[in-house]
1. Round to the nearest 0.05 the FRET efficiency obtained for SER376 and SER323 when R0 = 45 Å and r is the Cβ-Cβ distance.
2. Give me the lysines in straight-line cross-link reach of LYS514: C-alpha distance below 22 Å, same-chain residues under 8 apart excluded.
3. Taking the beta-carbon count within 10 Å as an exposure proxy, list SER306, SER445 from fewest neighbours to most.
4. When a footprinting reagent is the concern and you count Cβ atoms within 10 Å, what order do TYR510, TYR335 take, fewest first?
5. Please list, in order, the residues from the range 46-83 whose amide nitrogen is less than 16 Å from a point placed 7 Å along the Cα→Cβ vector of GLN114.
6. Using a 10 angstrom Cβ neighbour count of at most 10 plus a DSSP loop assignment to flag exposed GluC sites (Glu not before Pro), which longest range of the chain is free of such sites?
7. What Rg and what Dmax come out for the chain when only alpha-carbon atoms are used, in angstroms?
8. Considering the zone a paramagnetic label at ALA165 would reach in this model (a point 7 Å from Cα along the Cα-to-Cβ line), which residues of the range 31-53 have amide N under 13 Å from it?
Amino acid sequence: MSIHNLATIHEAIAAELGERDCIVFRDRRLSWNVVTDRTRRLAAVLAGAGLGCHRERAELRNWESGQDHVGLYLYNGNEYLEGMLGAFKARCAPFNVNYRYVEKELLYLFDNSQAKAIVYHARFVPVLEKLRDRLPQVKLWLQVADESGHALLPGALDYEEALAAATPVATTSELSDDDLYILYTGGTTGMPKGVIWRNEDIFKAALASGGPFESLEEFRERIRARPHMRVLPTPPFMHGAAHWAAFSMWHTGSTVVVQSNVEKLDPDDVWSTAERENINAMTIVGDAFARPLLDQLAKKEYDLSSLKLVTSGGAIFTAALKSEMLERLPNIRIYDNLGSSESGSQASHVSTRKSGASTGNFHMSEGNVVLRDDLSGLLEAGSSETGWLARSGHVPLGYFDDPEKTAKTFPVIDGVRYSVPGDRAMVEADGRLKLLGRDSVTINSGGEKIFAEEVELALKDHPGVYDAVVCGTPNQRFGSQVTAIVQLRDGVEPDIAALRQKASESISGYKLPKAFVFVPEITRAPSGKADYRWARETALRELGIEEN
């Protein structure tokens with residue numbers, strides 16, 4: 001049996017921890033033994049529908065899959081994590097479905113992924129009723145009951161009833177480190193793409209808390225020696241950052257707790273869950289989560305003495321908000337993690353009350369480098385040039401069913417295969433990484449490249465700014481101009497001159513926004529990531545600009 005298959009690893013932990021809580025969600029406390037039984041039953045349901053692995057990895061090219069794909073169209077809850085594990089145990093490949101997608105986007109995703117099974121919450125029945133006749137390849141519909149009360153889709157199985165009727169099947173030696181894990185990108189700047197990883201590669205690139213191991217016995221010894229932690233990943237599991245946090249902490253023997261309100265970020269619910277469950281570690285997504293959570297701490301007191309670690313990934317976490325969080329929770333460490341769907345974890349920065357906080361400067365993990373702009377080699381430390389953040393070693397195989405984009409994002413340079421997702425960066429003289437931002441949202445203005453995230457950081461330094469997103473809009477003189485969409489704090493009046501002045505303390509004059517749009521609320525993805533398509537559409541509409 002392969003030792004780096006995620007299902008194999010989970011069962012090895014279960015053999016050690018047995019009746020300890022594995023998942024806590026609302027009034028459900030599921031032990032490791034119970035989750036093992038339930039996911040074996042789910043695997044049996046999938047296998048009973050004829051789903052599994054039909055071609056082994058050695059027969060396939062990098063962008064191909066020989067396994068059936070299982071879509072998880074779910075809010076957070078035990079069913080999401082069970083869905084991933086059950087799929088792995090059936091040798092199927094689970095993939096994430098963005099529950100905010102509309103009908104057209106969902107149809108694209110299910111078609112592009114060649115989904116053979118869909119596990120979904122009942123509240124999504126109305127949209128799935130419109131799609132199911134256009135998805136003849138889907139062999140199995142598993143409906144998870146919820147508060148919506150929607151009846152079963154015709155031909156669908158009730159999730160709990162299907163598990164109860166199934167005979168649990170023990171994992172077998174057929175499970176492989178080559179079995180696939182698929183993560184669809186957010187699609188905030190283009191159509192979503194299915195990143196295909198081998199189980200071993202995603203484990204070592206993003207989920208291996210505590211480092212590699214040579215045998216399951218060595219791994220089990222490590223689990224026995226670790227202190228028990230209770231962790232709360234607050235973002236939606238449909239994004240990699242959240243289920244990566246869940247799996248990586250599972251791999252330390254931790255209990256994963258899910259807050260009660262899973263449809264939106266509810267700061268009181270998050271802090272109340274942390275207090276009630278004695279949470280030791282919590283995962284958030286940068287400023288988009290930190291700001292409302294900190295505002296709630298100013299309104300109400302909670303006993304958070306058990307909380308020791310706050311991790312963040314997927315979006316900017318500014319130094320100002322890190323410092324505010326450290327003031328309110330002085331005993332915590334903040335672990336700011338940098339990575340992407342195509343690279344796994346790449347770099348990190350740790351902040352404490354003693355060390356202070358910074359933004360955008362990270363220590364790269366092993367296997368990560370910055371490549372020259374023309375991909376001709378590595379960028380030297382201290383160089384004034386910008387390059388491409390890249391990773392070698394444990395990287396994805398490619399994009400599902402897309403050889404052209406696979407070749408572009410995963411080039412071979414001097415015999416080494418890299419993942420180059422599109423993040424622009426520099427290397428400081430001391431070897432630290434300075435992240436500039438994603439190339440796809442870079443603004444070309446008057447011949448200069450301006451990184452949207454760099455301008456956003458500068459704007460957020462102003463105490464009156466609650467949130468900000470930056471995009472490019474057409475400009476007759478410069479081709480494209482930097483445009484800021486700003487959400488001010490309650491009671492703060494717009495003052496463009498003051499915003500420009502504060503931003504000029506951090507960035508050069510040519511990078512300052514030439515146009516401002518003030519909105520009552522910034523629209524972001526549930527993960528907290530900026531929605532640049534929304535930002536551009538909003539800016540064009542509010543500025544009265546029509547594109548040619």
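Just so it is clear, none of the values below were taken in a lab; they were calculated from the coordinates. Quick caveat: nothing in here was measured; it's all calculated off a predicted structure. Don't worry about glycine lacking a Cβ; one is built from the backbone with ideal geometry, like all the others, and counts go over all protein chains shown.
1. With a Förster radius of 45 Å, E is 0.70.
2. Of all the lysines, those that pass the test against LYS514 - Cα under 22 Å, at least 8 places apart if same chain - are LYS449, LYS460, LYS502.
3. Fewest to most other Cβ atoms nearby, the residues stand as SER306, SER445.
4. In increasing order of surrounding Cβ atoms, one gets TYR510, TYR335.
5. 51-71
6. The answer is 367-504.
7. Here Rg and the maximum Cα pair distance are 23.2, 69 Å.
8. Label zone hits: 45-46, 48-49.
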